[in-house]
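Please read the structure below before turning to the comments.
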Amino acid sequence: MPAVVGLDDLAAMNAADAHGRRYETSPEGILFVMPPPDSEHAIIASRLFAWFVRAGWPPEQVLQAIGIRIPGSAVDGGRIPDLTVWRSRPPHGVWLPVADLLLVVEIISPGSSGIDAVTKRDEYAAAGVPRYWVVDRDSASTVTMYTLADGKTYERTAQMPLAWLLNTEPDTHLGPAQ
C-alpha cells in the first residue's frame, strides 16, 4: 500500500525545499511536486494582488501561495493556489479551511496545465470554493472564470484577457470588498 503524505509532512517538505518547489496532495493522498513559479508567473500574481488591494480588499484577505485544506474521504489534501481571496481575514495556519474562501486563482505554469486547469478545478469545486479563475500563459494572459453552479461543479461564466479584467472592478466579479 502506498504511503499517504499527511498535511504536517507536506508543511515540512515545503519549508525544507531550497529550490522553491511546492508539495501538494490530492484528497486521495497523491503527492504532487509543482514547479517553482517563474518571473512571468510572479508578475501576473502581483498584478492581480494589487488590483484587489486598490479596489479596497484588505491585503490580509488577498493571499499569495497559502495552503488550503481540501477535504477528502480518507485523508485531507493540501493545495497551494497562486492567489486566494477571503470573505474575512483567515485564521493563522499552514493549511487553511475553505469555509470563508471566496476565490481561488491558479496561474498556469509550464508542466502543470492539466493539474491547474482540470484536477484542481474539480477538487476546488468538490470542496465548495465558490469561484475559481485560471490564468493561461498565452499572449493575452487569458483569465477563465468559473462559478460553483450546483454545489459540486463549476460553470464557466466569463473569459477575457488579463488586461481587460484589470480595467474592471473586482466587485463586478466577486461582490464588494468585505
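Relative contact order of the chain: what whole-number percent is it, with Cα pairs under 8 angstrom and at least 6 residues apart?
Computed over the chain, the figure is 16 percent.
Kindly point out which whole DSSP H helices in the chain project their C-alpha atoms 18 angstrom or further along the helix axis while averaging a Kyte-Doolittle hydropathy of 0.0 or above. Spell out each step's value before the answer.
On the way: long enough: 39-54 (22 Å, 0.61).
Passing helices, by number: 39-54.
Would you please give the FRET efficiency between ARG137 and ALA99, computed as 1/(1 + (r/R0)^6) with r the Cβ-Cβ distance and R0 = 25 Å, to the nearest 0.05? Could you put the intermediate results ahead of the total?
Values: r = 31 Å, r/R0 = 1.24.
FRET efficiency, ARG137 to ALA99: 0.20.
How high is the FRET efficiency between ARG21 and VAL118 when r is their beta carbon distance and R₀ equals 25 Å, given to the nearest 0.05?
On the way: r = 21 Å, r/R0 = 0.83.
Plugging the Cβ-Cβ distance into 1/(1 + (r/R0)^6) gives 0.75.
With a ≥ b ≥ c the root eigenvalues of the C-alpha gyration tensor of the range 136-178, is it rounded (a/c under 1.5), prolate (a/b larger than b/c) or oblate?
On the way: a/c = 3.15, a/b = 1.23, b/c = 2.56.
Oblate, since a/c reaches 1.5 and b/c is not below a/b.
Among the DSSP beta bridges whose two residues both lie in the range 11-109, what percent are antiparallel, rounded to the nearest 5?
Working: 15 of 17 bridges.
Antiparallel bridges: around 90 percent, rounded to the nearest 5.
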Report the FRET efficiency, 1/(1 + (r/R0)^6), for ALA126 and ASN167, where r is their Cβ-Cβ distance and R0 is 22 Å, rounded to 0.05.
0.10
Using only Cα atoms, locate the centre of the range 14-30 and the centre of the range 71-119, then give the distance between them in Å, rounded to an integer.
13
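Ranked highest first by average number of other Cβ atoms within 10 Å, how do 22-28, 68-74 line up?
Result, highest mean first: 22-28, 68-74.
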Kirkwood Rh over alpha-carbon pairs of the chain, then Stokes-Einstein at 10 °C and 1.306 mPa s: what D in µm² s⁻¹, rounded to an integer?
97
Take the alpha carbon atoms of the range 41-60, find their center, do the same for the range 120-135, and report the distance between the two centers in whole angstrom.
19
Report, for the range 27-178, the % of DSSP beta bridges that are antiparallel, rounded to 5.
75
20 °C / 1.002 mPa s Stokes-Einstein diffusion coefficient of the range 20-79, Kirkwood radius on C-alpha pairs, µm²/s:
161
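Got a number for carbon plus sulfur as a percent of the chain's accessible area, 1.4 Å probe? Can you show the working numbers first?
On the way: 4680 of 8600 Å².
The C+S portion of the solvent-accessible surface of the chain is 54 percent.
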Express the accessible area of the range 1-111 per residue in Å², computed with a 1.4 Å probe while the remaining protein chains stay in the model.
48
Say each of HIS92 and ASP8 gets a label point 7 Å from the Cα, pointing the same way as Cα to Cβ; how far apart are those two points in nm?
1.9
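The values are calculated or read from the model by the stated rules, or taken from the named source; none is laboratory data. These numbers were taken from a predicted model, which means no experiment stands behind them. Because the Cβ atoms are built from the backbone with ideal geometry, glycine has one as well, and the counts that use them run over all protein chains shown. For the accessible areas, the whole protein counts, side chains as well, though only heavy atoms, and no ligand, DNA or RNA atoms are used. Shrake-Rupley method; radii C 1.70, N 1.55, O 1.52, S 1.80 Å.
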